[in-house]
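Below: one structure, written as structure tokens.
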């Protein structure tokens with residue numbers, strides 16, 4: 001934490017000064033594009049600063065203030081797809097990593113999903129009302145997407161999946177799985193390497209949500225997890241944790257389960273852009289190892 005904090009503070013301070021300088025100067029005709037760019041850069045670098053911080057306690061305690069700050073930025077730039085995407089990422093990441101209370105998790109994930117929906121609605125042609133339009137029209141919209149659309153649409157998919165997980169006791173939420181899965185399958189076609197193989201990771205999870213008797217495909221899930229590992233490399237520890245938690249446990253494969261988690265716990269978590277996620281992954285790996293005897 002001491003190594004990362006000075007760089008994080010300097011970056012945030014620098015961007016805040018730039019934002020204030022732009023926002024308080026009167027009479028700057030035509031400066032809206034510049035302000036948008038600085039605001040979006042600030043949000044992106046704020047996300048990076050948080051995700052690069054290995055001190056879970058600091059991030060847990062400080063992140064709510066950052067979420068309020070992002071809400072304030074959105075108040076001045078409510079139509080920025082990029083800012084909405086970054087805000088959704090921060091809300092969803094915070095809920096996943098730190099929030100234990102079910103109701104609070106539902107609220108934060110609902111907020112992240114709404115932000116992601118708006119980012120796609122504003123940033124991609126005909127991108128509104130994707131959760132309620134006819135499924136055939138939804139499939140046609142997905143088919144028309146290009147690689148340039150992946151960042152916004154993938155962000156929607158991850159927020160959508162997080163919202164479903166937070167509402168896993170709601171059949172209406174689970175009924176949206178088909179749309180999320182179709183979206184992520186399209187991301188897989190357009191850019192399977194995006195987010196360190198994220199489309200493969202999500203597809204792997206989706207394929208083992210249901211038992212084989214009602215449509216689950218564990219053999220397909222295994223291929224997706226292995227592909228995600230090939231793309232992400234040894235440094236992306238959450239891939240191995242999800243592989244162990246979602247696949248190895250479902251298949252009662254204790255050997256694979258323990259091997260993956262041992263690798264997670266023996267790896268240095270500090271990797272640019274992945275440090276926070278890796279640190280959370282190691283915490284989850286320890287918890288899974290502690291309960292392994294009872295599970296298997």
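Values in this text are rule-based calculations from the coordinates and carry no lab data. No experiment lies behind these values; they were computed from the predicted model shown. Neighbour counts are summed over all protein chains in view; Cβ atoms, including those assigned to glycine, are modelled from backbone coordinates with ideal geometry.
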- prompt: Using alpha carbon centroids, what distance separates the stretch 202-271 and the stretch 54-109, in Å?
  reply: 26 Å
- prompt: Hey, got the Cα dimensions of the stretch 192-296 along the principal axes, in Å, largest first?
  reply: 41, 35, 17
- line: Computed curve, the stretch 90-232, Cα-only Debye sum without solvent term, log₁₀ I(q)/I(0) at 0.19 Å⁻¹, is -1.25
field: Two-site FRET efficiency, residue 65 against residue 219, from Cβ-Cβ distance with R₀ of 41 Å, rounded to 0.05
entry: 0.35
- request: Assuming R0 = 22 Å, can you tell me the calculated FRET efficiency for the pair residue 255 and residue 294, based on Cβ-Cβ distance, to the nearest 0.05?
  value: 0.80
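Using only alpha carbon pairs under 8 Å that are at least six residues apart, calculate the relative contact order of the stretch 192-296 and give it in whole percent. Could you put the intermediate results ahead of the total?
Numbers: 123 pairs, mean separation 23.3, N = 105.
RCO, the stretch 192-296: 22 percent.
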